[in-house]
Amino acid sequence: MNFDLFADDTPKGRETIGPSAVVLRGFALPEAQSCLALLKQLQAAAPLRHMSTPGGYRMSAAMTCCGALGWITDQHGYRYTTVDPLTGQAWPTMPDAWRILAREAAAQAGFASFEPDACLINRYVPGAKMSLHQDKDERDHRWPVVSVSLGLPAVFQFGGLKRSDKPLRVPLFHGDVLVWGGADRLRFHGILPVAEGEHPLLGAQRINLTFRKAG
Ligand code: SIN
Ligand code: FE2
């Protein structure tokens with residue numbers, strides 16, 4: 001038996017962190033530069049803003065969206081909308097390159113034919129974080145979440161199905177793509193406060209794109 005065959009079967013830099021959750025190290029690196037150019041255009045149409053939780057807390061990550069649906073939070077709760085409440089316009093179209101990147105990453109993780117209709121864009125400056133939460137406002141949880149990290153590194157907390165389950169700590173770097181679905185789809189997760197730093201392409205910030213099929 002040729003054991004090298006098995007080694008070659010495993011894509012480089014693939015880390016399994018759950019039954020249906022993988023980190024694809026550097027998967028988005030070839031797209032990183034063009035992602036940033038697209039991000040600039042999207043931000044001009046739908047500016048980053050700090051949303052508030054239903055409980056009245058201002059989120060430390062600034063957020064915007066693209067795609068047919070965008071996720072918002074305000075005093076009325078968490079939900080997907082077709083219109084950006086800040087501009088009164090439809091959310092900007094999801095760039096084809098992003099849709100394809102998300103579909104290819106999902107396929108690598110075992111989720112064929114993923115067609116995201118929502119992309120949440122989070123911007124973290126040093127000190128910003130995201131508390132443990134579940135992504136559960138999407139209609140059909142059979143589709144995974146595909147998360148692309150750019151800029152400063154961060155520690156992703158990957159908990160269990162209960163908020164009290166002790167989370168794994170998974171470092172995420174520029175260009176990494178994390179996919180979670182299936183049995184892992186409703187696991188609590190979050191981001192620890194981003195450490196000070198200066199990224200050569202993005203400066204003192206981390207950008208995260210999460211792709212979902214929400215509608
Ligand atoms: C999220 O949970 O929606 C964002 C996670 C991240 O910033 O990596
Ligand atoms: Fe999330």
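The values are calculated or read from the model by the stated rules, or taken from the named source; none is laboratory data. Source: prediction; values computed, not measured. Virtual Cβ from ideal backbone geometry, glycine too; neighbours counted across all protein chains shown.
Here is a check on your reading of the model: is Leu161 within 19 Å of Ile17 (Cβ to Cβ), modelled with pLDDT of 95 or more and more than 13 Å from ligand 1 (Cβ to nearest atom)? Criteria met by Leu161. Selection of segment 116-134 for residues being out of contact with any strand residue (DSSP E or B) (no Cβ under 6 Å at 6 or more places or on another chain) and on the phi < 0 side of the Ramachandran plot yields Val125, Pro126, Ala128, His133, Gln134. Remark: pairs (first residue in segment 164-180, over 10 Å from Pro153 (Cα atoms); second residue assigned to a loop (DSSP other than H, G, I, E, B) and of a type in the set (Phe, Trp, Tyr); Cβ separation under 6 Å; 6+ apart in sequence or on different chains) = Val177/Phe27.
Return yes when Ala61 is of a type in the set (A, V, I, L, M, F, W, C), within 20 Å of Arg139 (Cα to Cα), buried (at least 19 other Cβ atoms within 10 Å of the Cβ) and at pLDDT 95 or above and no when it is not. For Ala61, the condition - of a type in the set (A, V, I, L, M, F, W, C), within 20 Å of Arg139 (Cα to Cα), buried (at least 19 other Cβ atoms within 10 Å of the Cβ) and at pLDDT 95 or above - is not met. Within segment 115-132, can one find any residue that is surrounded by fewer than 19 Cβ atoms within 10 Å (Cβ to Cβ), in contact with a Gly (Cβ under 9 Å, 6 or more places away or on another chain) and outside any loop (DSSP other than H, G, I, E, B)? Yes - at least one qualifying residue is present in segment 115-132. Tell me yes or no: at least one residue of segment 119-136 is within 15 Å of ligand 2 (Cβ to nearest atom), over 13 Å from the mean Cα position of the chain (by Cα) and under 14 Å from Ala214 (Cα atoms). Looking through segment 119-136, at least one residue is within 15 Å of ligand 2 (Cβ to nearest atom), over 13 Å from the mean Cα position of the chain (by Cα) and under 14 Å from Ala214 (Cα atoms).
Can you spot a residue in segment 152-171 that is of a type in the set (A, V, I, L, M) and in contact with a helix residue (DSSP H, G or I) (Cβ under 7 Å, 6 or more places away or on another chain)? Within segment 152-171, not a single residue is of a type in the set (A, V, I, L, M) and in contact with a helix residue (DSSP H, G or I) (Cβ under 7 Å, 6 or more places away or on another chain). For segment 196-210, filtered to residues that are touching a residue at least 60 places away in the same chain (Cβ under 8 Å) and either in contact with a Gly (Cβ under 8 Å, 6 or more places away or on another chain) or among the acidic types (Asp, Glu) (or both), the residue that is farthest from Leu120 (Cα to Cα) is Glu196. Candidates Trp71, Trp91, Trp98: the one that is crowded, with 17+ Cβ neighbours inside 10 Å, within 13 Å of ligand 1 (Cβ to nearest atom) and closer than 24 Å to Gln205 by Cβ is Trp71. A count restricted to segment 173-195 and to residues that are assigned to a helix (DSSP H, G or I) and either closer than 20 Å to Gly127 by Cα or within 15 Å of ligand 2 (Cβ to nearest atom) (or both) stands at 1. Checking Val170 against (1) within 13 Å of ligand 2 (Cβ to nearest atom); (2) within 20 Å of Pro19 (Cβ to Cβ); (3) in a strand (DSSP E or B), which test does it fail? Of everything listed in (1) within 13 Å of ligand 2 (Cβ to nearest atom); (2) within 20 Å of Pro19 (Cβ to Cβ); (3) in a strand (DSSP E or B), Val170 misses just condition (1).
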